[in-house]
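Below is one structure, written out as structure tokens; the observations come after it.
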Amino acid sequence: MTNAAAPAKKGSSLSAKVKKWTPVYLMMIPGALYLLINNYIPMFGLVIAFKQVDFQKGILASPWIGFQNFQFLFQTKDAFVITRNTLLYNIAFIFLNTFIGILFAIFICDISRKTGKKVYQSAILFPYLMSWVIVGYIIYAIFSMQYGIVNKSILPALGMDPLMWYNDPKYWPAILIITNTWKGSGYGCLIYISSINGIEASYFEAAELDGANKFQQIWNITMPEILPSVITLTLLSIGRIFYSDFGLFYQVPRDSGLLYSTTNTIDTYVYRGLMKLGNVGMASAAGFYQSVVGFILVLLSNWVVRKISPDNALF
Amino acid sequence: MALKKKDRGYQIAANVIMALWTIFIILPFVLLLMSSLTDETVLLNKGYGFFPEKFSFEAYSYIFKSGDKILSAYAHTIFYTVVGTLVNVLITALFAYPLSLKNLPGRKAWNFYVFFTMLFSGGLIPSYMMWTGTFHIKDTIWAQIIPSLLMSAMNVLLVRTYFATSIPDALFEAAQIDGASQMRIFRSIVIPLGKPILVTIGTFSGLAYWNDWNNGLYYITQATDLYGIQNLLNRMVSDLQFLTSNASGMSSDAMQTLARTPTTGVQMAIAFVAILPILILFPFLQKYYSKGISLGAVK
């Protein structure tokens, strides 16, 4: 009896299941298809790095050439420069954004005047909502060699000669780092604000009663409580340390060729290789190198976090 | 509650530092606005500044009187933003709702399918070759809407978590007992109750489209009438670079480029007009954007 009934029952429940879930799966089709096309197919397209790029033939039909693109890429000085720039800028960004984000979040949460709180909270988010093109124009209004406020008003007022900002790479590490902090530090700050707001008020009240001063409270209550957010955000940034913000490095220096030694990163190099310089083979090798090393770094940093504090691991 | 003395010192220090930072953030935008309002001859002599010797609305009236290209680019940006955002929110919600159902067959695999795209990517060149070679979107309107912006894995996960935690299961069960179809449940329960998160990802997506210049840079090379406002601004930068590098011998190419490049004041005015909607909608954007950012932190 059971032998005969079991398959029948299974069959009917399967068809019931199909009937029940088919409409749900249909809903997923557009999104799933989009990820397949926009994200998954290009992952396989990375094999182009081992081929002689031919736009007419496409990725599949371009002829294989082994590691030649990589050999050419790593023979150039560019490979070192773009890797160094990408890594050093990102390290500077991680430190500054974490430090400023936490500091300002603590200030904003502690400030007792409601209006002040509101104004500061709005200000830190504001530039984050602007495109890099706009930021590029603003930086140009400040540093333009002919019309910029620095060369035309500030330096003359100080009795100094105008400087050739867009011709000399040495100024750009500072300009890019300050610009990135100006635009981007609000994002982390808002995350830290919401995690500080989540701390039990009674912790601070108890500390107050015990006579702990502000600094002791920050060090012993706020910092440990927001540590999970700090770890998560830092982990995400380390995972993306091989990626640079294309807009920052392309728009802000206005794509000025004289500045490449301090403004060229893997992303700008790949773009220029593809669209301008025509050495798309080396660019595709750089793209492959970025994707794969970047992926390894995500896995590695997540593995490290899982060892020390499993709750904060991403996966 | 009276502030203790040391607390007052801390309050003052915190306020002073934050006020200085706020000024540091706002001043560059003031410079942009003032530069766009400066008389062109003053601009050429004295450069960009906070206190124009002579105010002029010439740049703005130029945009509205003879800036056909500028207005058209602006209209295109509005179109891309509206269409892109609507489609984005719709397919994100349709994709996230099933993922939020606890007994969906293959749920784990689907979640991984979404999440993995946040860990690994093919990068620009394979994407470029696929979109141009296989889908032929170069110099078409699709180029401004489809690549990379139409749906984001991060938003799918945000919406999924919101649906799973904020809509009571009992509602779904009751609807199913009443014999409601999945599409009906989606329309009359999920969408209305999920409105806050859908508005949040709508602001994310809307800003991404409004601010996008990458798609135009990669995929619009000939059909410049498909440019959005950011592409137009970007084009003026590369035109100027081209002019400075060809400053000596004025070729006919350079002359043409020069002729279509607006004056310095007009450029700043276009940039200001491009951020105007963000400025006007800022209270609304801030409300939902901040909410979304703090939701994203709690993975």
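Considering every residue within the stretch A:183-202, establish whether at least one is more than 24 Å from B:Thr22 (Cα to Cα) and assigned to a helix (DSSP H, G or I). So far as the stretch A:183-202 goes, yes, one or more of its residues are more than 24 Å from B:Thr22 (Cα to Cα) and assigned to a helix (DSSP H, G or I). Listed by first and then second residue, the pairs with beta-carbon distance under 6 Å, at least 6 apart or on different chains, first residue in the stretch B:264-282 and more than 7 Å from chain A (Cβ to nearest Cβ) and closer than 13 Å to B:Ser36 by Cβ, second assigned to a helix (DSSP H, G or I) and of a type in the set (Phe, Trp, Tyr), are B:Val266/B:Tyr62; B:Ala269/B:Tyr60.
Filtering the stretch A:254-268 to residues that are modelled with pLDDT of 95 or more, over 30 Å from A:Ala313 (Cβ atoms) and within 11 Å of another protein chain (Cβ to nearest Cβ) leaves only A:Thr268. Among the residues of the stretch B:67-93, write down those that are among the aliphatic types (A, V, I, L, M) and either at pLDDT below 95 or buried (at least 20 other Cβ atoms within 10 Å of the Cβ) (or both). B:Ile70, B:Leu71, B:Ala73, B:Val89, B:Ile91, B:Ala93 - these are the residues of the stretch B:67-93 that are among the aliphatic types (A, V, I, L, M) and either at pLDDT below 95 or buried (at least 20 other Cβ atoms within 10 Å of the Cβ) (or both). Inside the stretch B:33-51, residues that are modelled with pLDDT of 90 or more and either among the hydroxyl-bearing types (Ser, Thr, Tyr) or under 26 Å from the mean Cα position of the chain (by Cα) (or both) make up a count of 7. The residues listed here are A:Ile221, A:Ile231, A:Ile241, A:Ile308; of these, the one that is touching a Leu at 6+ places or on another chain (Cβ under 9 Å), more than 11 Å from chain B (Cβ to nearest Cβ) and not hydroxyl-bearing (Ser, Thr, Tyr) is A:Ile241.
Here A:Met164 meets each of (1) at the interface with chain B (Cβ under 9 Å from one of its Cβ atoms); (2) free of Cβ contacts under 8 Å to residues at least 60 places away in the same chain with one exception, condition (1). When B:Asn234 is tested against the conditions (1) more than 12 Å from every other protein chain (Cβ to nearest Cβ); (2) surrounded by 22 or more Cβ atoms within 10 Å (Cβ to Cβ), the lone failure is (1).
Within the option set A:Asp255, A:Asp267, being among the acidic types (Asp, Glu), buried (at least 20 other Cβ atoms within 10 Å of the Cβ) and not in a helix (DSSP H, G or I) holds for one residue only, A:Asp255.
Considering A:Leu96, A:Leu73, the condition of being within 25 Å of A:Arg240 (Cα to Cα), in a helix (DSSP H, G or I) and at pLDDT 95 or above is satisfied by A:Leu96 alone. One residue stands out among those in the stretch A:124-145 that are without any contact (Cβ under 8 Å) to a residue 40 or more places away in the chain and part of a helix (DSSP H, G or I): the one that is nearest to the chain's Cα centre (by Cα), which is A:Leu129.
Any residue at all in the stretch A:232-240 that is assigned to a loop (DSSP other than H, G, I, E, B), assigned by TED's automatic domain parsing to the domain that holds A:Val270 and within 20 Å of A:Leu314 (Cα to Cα)? Within the stretch A:232-240 (the criterion being assigned to a loop (DSSP other than H, G, I, E, B), assigned by TED's automatic domain parsing to the domain that holds A:Val270 and within 20 Å of A:Leu314 (Cα to Cα)), the answer is yes, since at least one residue qualifies. Taken over the stretch A:38-61, the criterion of being part of a loop (DSSP other than H, G, I, E, B) and more than 9 Å from chain B (Cβ to nearest Cβ) is satisfied by A:Gln52, A:Asp54.
Given the options B:Ala180, B:Ala175, name the one that is within 14 Å of chain A (Cβ to nearest Cβ), over 24 Å from B:Met118 (Cβ atoms) and not in a helix (DSSP H, G or I). The unique qualifying residue is B:Ala180. Screening B:Thr77 on (1) within 11 Å of another protein chain (Cβ to nearest Cβ); (2) farther than 30 Å from B:Leu150 by Cα; (3) outside any loop (DSSP other than H, G, I, E, B); (4) in contact with a Gly (Cβ under 7 Å, 6 or more places away or on another chain) shows it passes everything except condition (2).
When B:Ile177, B:Ile167, B:Ile137 are checked against the criterion of being within 18 Å of B:Ala96 (Cα to Cα) and in the same structural domain as B:Gly228 (by TED's automatic domain parsing), B:Ile167 stands alone in meeting it. Restrict the check to the stretch B:19-38 and report whether at least one residue is part of a helix (DSSP H, G or I), out of contact with any Lys or Arg (no Cβ under 6 Å at 6 or more places or on another chain) and more than 29 Å from A:Gly184 (Cβ to Cβ). No, because not a single residue in the stretch B:19-38 is part of a helix (DSSP H, G or I), out of contact with any Lys or Arg (no Cβ under 6 Å at 6 or more places or on another chain) and more than 29 Å from A:Gly184 (Cβ to Cβ).
The values are calculated or read from the model by the stated rules, or taken from the named source; none is laboratory data. Because the structure is predicted, anything quoted here is derived from the model rather than measured. Here Cβ is always computed from backbone atoms with ideal geometry, including for glycine, and neighbour counts include all displayed protein chains.
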